[in-house]
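> Please see the structure below; I have some questions.
The values are calculated or read from the model by the stated rules, or taken from the named source; none is laboratory data. It should be emphasised that the depicted structure is a prediction, and the values quoted were computed from it without experimental measurement. Neighbour counts run over all protein chains shown; Cβ positions are idealised from the backbone, glycine included. Note: accessible area is taken over every heavy atom of the protein model, side chains too, but ligands, DNA and RNA are not part of it. Shrake-Rupley method; radii C 1.70, N 1.55, O 1.52, S 1.80 Å.
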Amino acid sequence: MATLVQAVRLALHYGEEHLGVTDVFGEDVGPPLGGVFTATQGLRTAWNSPLDERGIIGMAMGIAYAGGRPVAEIQFCDYGFNVIDLLKVAGNQYWAGAGQYPLPMVVMTPSGSGIRGSLYHSHSFESWASRLPGWKIVMPSNALDAYGLMLSAIEDPNPVLVLLPKALLRVRGEQRLPGEPDDENELKERIDAPVGEARTTWQPRWPKMEPYFVPIGKASTVREGDACTVISYGRTLPLAVQAADELATELGNRAEVIDLRSIFPYDWKCISQSVSKTGRLLIVNEDTEVTNFGEHLLRRVIEHHFYDLLVRPRLLAGKHVPGIGLNQVYEQNTVPQLRHIKQAMSEVILEQA
Amino acid sequence: MNSDPLTGDDAVAILPTLVYSGRESLPLEQCLTIHRLMVRARVMEERMIKMSKSGLGHFWIGGPGEEAFNVALGLQIRRGQGPRYDYLHLHYRNSALMLALGMPVIESIRQMAMTATDSHSLGRNFVGHFCKREWNVIPVTSVIEVQYAMAPGTALMQKRLPDSEGVTVVLGGEAGTAEGDFASCLIWSTLPGREVPVLIVVTNNGYGISTPACSVHSERHVVDRGIPFGVPGEVVDGNDPIRAWHAVERGLMHCRATRTPFFLEANVSRLFGHSSSSGALRDRTQEDPIERFERILLDEGVDRGHLDQMHEDAHTEVEQAVEQALNEPMPRPEDVERYTYAASRPEIDAVYPDDYTGLPN
Ligand SMILES: Cc1ncc(C[n+]2csc(CCOP(=O)(O)OP(=O)(O)O)c2C)c(N)n1
């Protein structure tokens, strides 16, 4: 099966061939590297930009104004902070001109911890991004969703931010992408650039991919249960699933795990129905906990489901510290790990109503 | 014009064909067209300053003092929609350019009056913050310099079109060039082998709000910053429409023909200070490009009466526009969320397939 990053690449290829993508660009995005995480290897329209995030976003906006369909990469979301006002402007252009200029642009950026990235390669971005009205923000946690959300991001006529969980980029999917060859070695041979000399003459042999759209704003319930609702996305999602599976065996209580997939718009129906059913809620993400996007979801749950809640709802998030230290003692104790998630989940499940 | 501008007579007059500024010249008829646009822009701006002071609008910012350069530029723009035409990434002082493109006065007045009929922003944005897609006018933001980061993008799309002469024009003040976005513009417009046709304009009025440029900038001319990038450029007296016309013509011709950038620095006046926040009072120490141009036209034998008539006509036109705009509907509460999102499709966006409708539910 394709890895998450291969799925992104295949989606961009499909986008170039069938959805009008005109430019895939950013720092080290073009040949020879094809992206520091290889997301853009072999793409026909991929090119290397100057090392200038503001220039990257400005360029994407300009291309989109003039009828192109750009996909721009910010190499790590940690470097998106110096461009936050331009992102804000990109989000307001359709509104500012009262509907004159839609801005069909995609920005993708690796987000979150999990690759021992220390202070400047471990940030999360979704809480910041959720404060950019006019944008749509998605964060897949598996290869198939990455493929389907990327295609939707490209098709959507608005700016869409695709946050890619760094820690999961090399994780293989459990479901085949439409068009993906059966044999994962064959896929690798066809679309992964070789290292060394061979790369200079290498050309990808793309499989014939098919369209597959995951609607923006649609969550996926990955475990059904009634012991509690767990909402997560990105790196912490598979951990939440694992914790839920382990607790199901150990306690016999099944948690309902929702992969939110879209930060904005989020799937309120899915959240609301699940919380109505379970009366217990745990939200898990790894962004810093003060003014965390999960707090917004808590607010809505409290406002709409106050009387449905059996126990106090909780948010498990990253600590409000300036960074994630390199020594793994830091990372393990700054952002939620399996043991933290399992602990929090069992508390929510077992608390006396 | 009804009567002959030289003599005031209805009789056919013998016009001098050319009006000179140094060695450069323009036909008199064209000078009169430029003059009329400059006056209309000025009268419109002065009326809007009044609106801001009398409660018929709030904040005012605009371009009095920049009319000569803006009209000269506006009249040479290839106006239309899409990359075959010129893209305009404007500053907030370009009302005279918009009038030169053919914008009716009332469009500005409506934005000042924040009416629902404001076609540029539905009563949302400050005056002078134009957006007009049919003329490739990208929404003006108050965020200084961001337009310079975007301009290479529209220019790249224009460069890709075969047989196209469309160019991108980006404008801003000199203080803003200290922002990184200005450097981005130079860098991204000159990627080796991928240079793009962008006319980089800096209108230099010598101030960023209250800070004199000379107190925070040590470069001799802003235009010198193009040198290391190989961007040719020139400094022009932007208060002289004849010189401005030819500088703009050279710049645009360069961009149209070579598909590479050109840099134009225009020295201009700022006649009412920065904005209404600084009082919008007339600054008599600044040269007035209209008065200066009128002296030249009078020297050429143009009749004072004709020039006065232009002012009178402009006042009538602007008053009518104000009267009309003030009777037009205002935005409604339900307009708040409108146009947050462009329409998508339910299989692409399950929550907002059309537009934003409040928090997801
Ligand atoms: C990024 C940013 N910083 C600060 C401001 C506040 N501000 C508005 S106009 C201005 C001065 C701009 O001067 P200049 O670029 O020379 O243009 P001018 O107003 O003189 O035409 C400042 C500091 C702003 N709007 N945007």
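> Per-residue accessible area for A:Arg205 at 1.4 Å probe radius, Å² rounded to 10?
Only protein atoms counted, so the area is about 130 Å².
> Now, a different point. Give a residue-ordered list of calculated ³J(HN,Hα) values for segment A:86-94 (Karplus: 6.51 cos²θ - 1.76 cosθ + 1.60, θ = phi - 60°; whole Hz; x for Gly, Pro).
So the Karplus estimates, Gly and Pro as x, are 5, 5, 4, 5, 4, x, 9, 5, 5 Hz.
> Now a separate question. At a Förster distance of 45 Å, what's the computed FRET efficiency of B:Arg84 paired with B:Thr211, Cβ-Cβ distance as r, to 0.05?
Working: r = 40 Å, r/R0 = 0.90.
Calculated transfer efficiency: 0.65.
> Taking a threshold of 22 Å on the Cα-Cα distance, which of the pairs A:Lys188/A:Lys218; A:Lys269/A:Lys319; A:Lys166/A:Lys188; A:Lys88/B:Lys159; A:Lys166/A:Lys277 fall above it?
On the way: A:Lys188/A:Lys218 30 Å; A:Lys269/A:Lys319 29 Å; A:Lys166/A:Lys188 20 Å; A:Lys88/B:Lys159 27 Å; A:Lys166/A:Lys277 33 Å.
Over 22 Å Cα-Cα: A:Lys188/A:Lys218; A:Lys269/A:Lys319; A:Lys88/B:Lys159; A:Lys166/A:Lys277.
> Next up: So how far apart, in nm, are the two label points at A:Arg223 and B:Thr357 if each is 7 Å from Cα heading toward Cβ?
Rounded to a tenth, the inter-label distance reads 3.4 nm.
> Determine which lysines satisfy two conditions relative to B:Lys53: a Cα distance under 30 Å, and not lying fewer than 8 residues away in the same chain.
Straight-line reach from B:Lys53, under 30 Å: B:Lys132.
> At a Förster distance of 41 Å, what's the computed FRET efficiency of B:Phe59 paired with A:Ala353, Cβ-Cβ distance as r, to 0.05?
Working: r = 55 Å, r/R0 = 1.35.
So, using R0 = 41 Å, E works out to roughly 0.15.
> Can you sort B:Tyr85, A:Tyr266 by solvent-accessible area, 1.4 Å probe, largest first? Please list the in-between numbers first.
Values: B:Tyr85 95, A:Tyr266 0 Å².
Final ranking, largest accessible area leading: B:Tyr85, A:Tyr266.
> Still on this structure, please answer the following. If you take every residue apart from B:Ala68 with its C-beta less than 15 Å away from the C-beta of B:Ala68, what net charge results, scoring Lys and Arg +1 and Asp and Glu -1? Before the final figure, lay out the partial values.
Details: positive: B:Arg36, B:Arg40, B:Arg42, B:Arg93, B:Arg243, B:Arg270, B:Arg292, B:Arg295; negative: B:Glu24, B:Glu45, B:Glu66, B:Glu67, B:Asp237, B:Asp240, B:Glu249, B:Glu265, B:Glu287, B:Asp288, B:Glu291, B:Glu294.
Cβ neighbours under 15 Å give a net charge of -4.
> Oh, and also: Mind listing the phi-derived Karplus ³J(HN,Hα) values for segment B:98-104, rounded to whole Hz, using 6.51, -1.76 and 1.60 with θ = phi - 60°, and x for any glycine or proline?
So the J values, rounded to whole Hz, are 5, 5, 5, 6, x, 5, x.
> As a test of the formula, what do you get for chain A when each DSSP H run with n ≥ 4 contributes -39,500 (n - 2.57) and the sum is divided by the residue count, at 222 nm and rounded to the nearest 500 deg cm²/dmol? Don't skip to the end; give the middle numbers.
Values: 11 runs with 126 residues, N = 353.
Dividing the helical sum by the residues of chain A leaves -11000 deg cm²/dmol.
> Let me ask something else. Just tell me, in residue order, which DSSP H segments of chain B are both 18 angstrom or longer along the helix axis (alpha-carbon based) and at least -0.5 in mean Kyte-Doolittle hydropathy. It would help to have the intermediate numbers written out before the result.
Numbers: long enough: B:28-53 (37 Å, -0.15); B:146-160 (23 Å, -0.15); B:241-258 (25 Å, -0.26); B:304-326 (33 Å, -1.02).
Passing helices, by number: B:28-53, B:146-160, B:241-258.
> Between B:His315 and B:Ala116, 0.36 nm times their residue separation minus their Cα-Cα distance comes to what?
The B:His315-B:Ala116 span can extend by a further 69.2 nm.
> Same structure again: Which residues does the label zone of B:Phe229 cover in segment B:69-89, counting backbone N under 11 Å from a point 7 Å along Cα→Cβ?
The answer is none.
> Suppose the chain between B:Leu191 and B:Leu326 were pulled fully straight at 0.36 nm per residue; how much longer would it get relative to their current alpha carbon spacing? Don't skip to the answer; put the middle values down first.
Working: separation 135, 0.36 × 135 = 48.60 nm, distance 4.88 nm.
This chain segment gains 43.7 nm when fully extended.
> Okay, moving on. Give me the number: length gained by fully extending A:Ser118 to A:Glu184, i.e. 0.36 nm times residue separation minus the C-alpha to C-alpha distance, one decimal in nm. Mind showing how you got there, number by number?
Working: separation 66, 0.36 × 66 = 23.76 nm, distance 3.17 nm.
Answer, rounded to one decimal: 20.6 nm.
> If I build a Gaussian network model for chain A, linking alpha-carbon pairs within less than 10 angstrom, which residue out of A:Arg172, A:Arg299, A:Arg54 has the largest mean-square fluctuation?
The residue that fluctuates most here is A:Arg299.
> What per residue convex hull volume, in Å³, comes out for chain B when only alpha-carbon positions are used? Write down the numbers at each step before the final one.
Details: hull volume 59.8 nm³, N = 361.
Dividing the Cα hull volume of chain B by its residue count gives 166 Å³.
> Enter the mean number of other protein chain beta carbons within 10 Å of the beta carbon of each residue in A:206-217, as an integer. Don't jump to the answer; show the numbers that get you there.
Details: counts 0, 0, 0, 0, 0, 0, 0, 4, 3, 9, 8, 9.
The per-residue average across the peptide is 3.
> So what does B:Trp135 come to for accessible area, using a 1.4 Å probe and Å² rounded to 10?
Accessible area of B:Trp135: about 20 Å².
> Have a look at B:Ala257, B:Ala343, B:Ala321 and tell me which one the Gaussian network model of chain B (Cα, springs below 10 Å) gives the largest fluctuation.
Result: B:Ala343 has the largest fluctuation of those listed.
> Still on this structure: What number comes out for the charge environment of B:Arg23, summing +1 per Lys or Arg and -1 per Asp or Glu over other residues with Cβ under 13 Å away? Let's see the in-between values first.
Values: positive: B:Arg243; negative: B:Glu24, B:Asp240.
With Lys, Arg at +1 and Asp, Glu at -1, the net is -1.
> Using label points projected 7 Å from each Cα along Cα→Cβ, tell me how many nm separate B:Arg345 and A:Trp47, to one decimal.
2.9 nm
> Please arrange B:Leu281, A:Leu187 by accessible surface area, largest first, computed with a 1.4 Å probe and ligands excluded.
On the way: B:Leu281 115, A:Leu187 0 Å².
Accessible-area ranking of B:Leu281, A:Leu187, largest first: B:Leu281, A:Leu187.
> Over chain B, what is the relative contact order in percent, taking alpha-carbon pairs closer than 8 angstrom and at least six residues apart?
Values: 714 pairs, mean separation 73.7, N = 361.
Relative contact order for chain B comes out at 20 percent.
> Using a 10 Å cut-off around each Cβ of peptide B:249-255, what is the average number of partner chain Cβ atoms that fall inside? Write out the running numbers ahead of the final one.
Values: counts 0, 0, 0, 0, 0, 0, 0.
So the per-residue partner count for this stretch is 0.
> What do you reckon, how do B:Arg23, A:Arg190 stack up by accessible area (1.4 Å probe), largest on top?
Values: B:Arg23 230, A:Arg190 50 Å².
The residues order as B:Arg23, A:Arg190, largest area first.
> Something else: Any idea how far apart A:Phe81 and A:Thr201 come out in nm if each label point goes 7 Å out from Cα toward Cβ?
Reported label-point gap for A:Phe81 and A:Thr201 is 4.6 nm.
> Provide the FRET efficiency to the nearest 0.05 for the B:Ser277-A:Gln328 pair, computing r from the beta carbons and using R0 = 56 Å.
Values: r = 53 Å, r/R0 = 0.94.
My answer for the efficiency is 0.60.
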